[in-house]
Amino acid sequence: MLFMINSNKMFFFFTLFFSTLISISSNSWLGCWIGLEINLLSFIPLITSPNNLLNSEASLKYFLTQSIAPINFLFSILLKLLMLNFFFHDLFSIMINSSLLMKMGSIPFHFWFPNIMEGLSWLNCFILMTWQKISPLILLSYYMNINFISIIMIFNCIIGVIGSFNQNSIRKLMAFSSINNLGWMMSSLMISESIWKLFFFLYSFLIMIMCIMSYLINIFFINQLFNINLNFFFKISIMINFLSLGGLPPLLGFFSKWMIINFLIMNNMFLITFFFIMSSLIMIFVYIRIIYSSLLSYSFKFKWFKNFIKYNYIMIINFFSLISLSGMIFSTFFFI
Amino acid sequence: MMKFMFMLLFIIPLCFLQNMFWLVYLFLMLMMFMFMNLSINIMNFCNLSYMLGCDMISYGLIILSIWISALMIMSSQSLLKMKFYLNFFLFNIIMLMLMLFLTFSVMNMFMFYLFFEGSLIPTLLLIMGWGYQPERIQAGMYLLFYTLFASLPLLLGIFYIYINNYSMMMYFFKFNSYECIYLYVAMILAFLVKMPMYFLHLWLPKAHVEAPISGSMILAAVMLKLGGYGLLRVMMILQKIGLKMNYIMVVISLIGGLYISLKCFCQIDMKSLIAYSSVAHMGMVIGGIMTMNYWGYLGSYIMMIGHGLCSSGMFCLSNINYERLGSRSLFINKGLMNFMPSMSMWWFLLLSSNMAAPPSLNLMGEISLINSMMSWSWITMFMLMGLSFFSAGYSLYLYSYTQHGGYSLGLYSFFSGVSREYLTLMLHWLPLNLLVLKIDYVMIWF
């Protein structure tokens, strides 16, 4: 919606998609690097808007971090090219992996991620949380140091949870939940790419509903949810989608977690799985903090603060939440 | 089975129409009678395609959950009066019913887990959405996180069994047996929290006190039985390790039940008294299941059905008082025989069933549970003696405190019971005491 009316942004939107495709389909590391750089240069114009100061700050931060990451990437792939005969494989893989981790905002290079999310609009948040992760994750799968990444993904889950304690801004919460989900994504990447695709698709779907809803009612902080006077069905949709994102069983978000847990157990990774599910448990707690207002049907609201949403948007939201409510149930009918 | 599932699914649009409160109730009752007419072959896991692999115990528990869901709608008429999110309430009950239905009828252990957890969200919504005090947030959180914390390891355990057993079908559990203590803990902990066993029961009184009447009815009647059902199924694969470790659970639940029944005497809130009494009864059920003998399995099943009907009826009674007096405190609910003599009879009937007086299912269950535990070890005799004695004690305590004596002087005008309430209570009490006449049906469930 936002992009359709602005031809500049449409162009950069196109290059954003295109650059990801370049980097995930190229044959050489250098091509990957080019894709990453184009990605950076096309996302920054998307961030900026003339009437918001936070946006330009965020774009500056984004530029700094995201230019350091591909430079490191370039450095390590060139070094690897020169010293291919030596046996520094662990070192190179860790270097390449960490530059990619920085690119997608994972532990231990995650500090820019919530800060930048704080300055973005909801649609940009959606792009940052989903699309911007594709190329680093795919490149990670090409050259992955399993031991390193195993530790990283456990820490991703834990830090994602710890960071989201006592957080009031929903955008920051979503950033930390994205860090948490990054752990799941890396583990699925370790197992197979098709499971990663499934997980990533479902995660993007849920995040998309989340971002559209928050964009529609213009909400950035938890306490705004408490005194807003919303349509009842909209409230229920918020609840369903957050619970689904948390991965509570009959909802769609559980499906992806089920797949990953199943395959992790099959590969005898009990400890990692244990960390994952326990951190996701605490993540559910955080989500439920957000949706208190929609869980309590009898709660405080302002009469004079009514939020009107276009009817067709409500239909879209209801349709999506119907999918995330019943998608799991219908998919389980194949297994009964 | 599919026809009942589709019936439930097609009740859902009905929930969103206006003035469909009693129609939904009637459809649930209709479904109940159609379900009762199914001819089920009693032996285990017959009718695989037609009944989704129900055996006798799942059949009985499904009937119980349909029955209780219908009575939930019937007993929460105050929502209808106030028009308090009625459509969503009905939808919630139907969703819960669907989840419970599937939980009891599936054979795949993972599907069982899925619907087991799925019944959690509608319950949480009932408590948080329709509860009374602001403390319901805390109660809902307790409910959710106690259950989730214990049940996520269950998921790992199920997948572990899957990769070792190459199947998650419950029927094949009997061909394999594990000796891993972690697996043991992971598999039973979720059910023990759900039951709840002593030490893990803290969420239950909180949830009951904060829940609306429909929430505590379904919680006491069916949600606790999910735990028992799961334990009955899971013990099949844990036989070897169970022989070593089960005594811990038996001891904890029996001694805990004794403590809890002493604690019942200290309660001043009627609902929390009933909640604690259900913890005590469930302690006996856990003891019976954990002895892993025939009597124990039968007794736990009968006790679960009996306790489901009985405690749900008692919650109904406490709500009837609450709607009139505006309080559940025993200091205000006293001397009610002066006002509602006929209701006093229902108090007596249900409380006497709760203390396992003769024609009730609870007596049958208690006898067989006592048999099973006595044959397991004679030392349990002391705890069992205390449990039965004190269960009679606190039932009488509740009865005499609410019915006898002078009434509270602060009472304002109210009317005595209406026929809907008497009908609700009768529908709780009648199956509880008439099912004894056909007890062989439940005594050979596996």
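Inter-chain neighbour count for B:155-168: the average number of beta-carbon atoms from partner chains within 10 Å of each residue's beta-carbon is 3. Mean-square fluctuation check for chain A, GNM, Cα pairs under 10 Å: which of A:Ile34, A:Ile265, A:Ile158 is largest? Its mean-square fluctuation being the largest, the pick is A:Ile265.
In the stretch B:136-169, which chymotrypsin sites (Phe, Trp or Tyr not before Pro) are in a loop and have at most 12 other Cβ atoms within 10 Å, using DSSP for the loop call? Could you put the intermediate results ahead of the total?
Working: sites: B:Tyr142, B:Phe145, B:Tyr146, B:Phe149, B:Phe159, B:Tyr160, B:Tyr162, B:Tyr166; in loops: B:Tyr166.
Sites meeting the loop and neighbour criteria: B:Tyr166.
Counting only protein heavy atoms and a 1.4 Å probe, the stretch B:311-446 has 44 square angstrom of accessible area per residue.
Over the stretch A:65-211, accessible surface divided per residue gives 34 Å², non-protein components excluded, 1.4 Å probe.
Applied to the stretch A:281-286, the Karplus parametrisation 6.51 cos²θ - 1.76 cosθ + 1.60 on θ = phi - 60° returns per-residue 3J(HN,Hα) values of 4, 5, 4, 4, 4, 5 Hz, with x for Gly and Pro. With each label modelled as a point 7 angstrom along the Cα→C-beta vector, the A:Asn218-B:Lys3 pair spans 5.5 nm.
Where the accessible area of the protein assembly as shown is counted over protein heavy atoms with a 1.4 Å probe, how much of it, in %, is carbon and sulfur? Before the final figure, lay out each step's value.
Working: 20820 of 28990 Å².
Summing carbon and sulfur atoms, their accessible area is 72 percent of the total for the protein assembly as shown.
Shape index of the stretch B:136-177: Rg/Rh, with Rg the Cα radius of gyration and Rh the Kirkwood radius from the inverse mean 1/r over Cα pairs, equals 1.24.
All other residues with a Cβ under 11 Å from the Cβ of B:Tyr146 taken together, and with Lys, Arg as +1 and Asp, Glu as -1, what is their net charge?
Working: positive: B:Lys194, B:Lys206; negative: none.
That sum, taken over residues with Cβ under 11 Å, equals +2.
Between A:Ser194 and A:Trp304, the simple spin-label model (points 7 angstrom out along Cα→Cβ) gives 6.0 nm. When you count the other C-beta atoms within 10 angstrom of each residue and take the mean per peptide, B:99-109, B:319-329 line up highest first as B:99-109, B:319-329. Interface residues of the stretch B:116-133, defined as a loss of at least 10 Å² in heavy-atom accessible area between the chain alone and the complex of all protein chains with a 1.4 Å probe, are B:Glu117, B:Gly118, B:Ile121, B:Leu124, B:Leu125, B:Met128, B:Gly129.
Here's the picture: charge each Lys and Arg Cβ at +1 and each Asp and Glu Cβ at -1 in the stretch A:7-335, and of A:Ser150, A:Ser26, A:Ile238 the one pushed furthest to the positive end of that dipole is A:Ile238.
Using the Cα atoms as the points, what is the convex hull volume per residue of the stretch B:218-285 in Å³? Don't skip to the end; give the middle numbers.
On the way: hull volume 4.2 nm³, N = 68.
Hull volume normalised by residue count: 62 Å³.
Counting only heavy atoms of the protein chains and using a 1.4 Å probe, A:His89 has close to 100 Å² of accessible surface. B:Met82 to B:Ser329: FRET efficiency via 1/(1 + (r/R0)^6), r the Cβ-Cβ distance, R0 30 Å, to the nearest 0.05? Result of the calculation: an efficiency of 0.85.
In a fully extended conformation the segment linking B:Ile163 and B:Phe175 would gain 2.8 nm over its present Cα-Cα distance, using 0.36 nm per residue.
Using a cutoff of 8 angstrom between alpha carbon atoms and counting only pairs six or more residues apart, the relative contact order for chain B works out to 16 percent.
Scaled to the globular estimate 2.2 N^0.38 Å, the Cα spread of the stretch A:7-335, given as radius of gyration, is 1.01. Mean sequence separation of contacting Cα pairs (under 8 Å, at least six apart), scaled by the length of the stretch A:1-156, corresponds to a relative contact order of 23 percent. Less than 28 Å apart at the alpha-carbon level, and either on another chain or at least 8 residues along: which lysines does that give for A:Lys235? Straight-distance partners of A:Lys235: A:Lys172, A:Lys257, A:Lys301, A:Lys303, A:Lys306, A:Lys310, B:Lys81, B:Lys83, B:Lys206.
With semi-axes defined as the square roots of five times the eigenvalues of the C-alpha gyration tensor, the equivalent ellipsoid of the stretch B:249-343 measures 31, 15, 8 Å, largest first.
Each chain gives up part of its surface: A and B jointly bury about 3600 Å² of accessible area, both sides summed, for a 1.4 Å probe.
The values are calculated or read from the model by the stated rules, or taken from the named source; none is laboratory data. For clarity, every value in this text was computed on a predicted model and none was experimentally measured. Backbone-built Cβ (ideal geometry, glycine too); neighbour counts: all protein chains shown. The accessibility values were calculated without ligands, DNA or RNA, using every heavy atom of the protein model including side chains. Shrake-Rupley method; radii C 1.70, N 1.55, O 1.52, S 1.80 Å.
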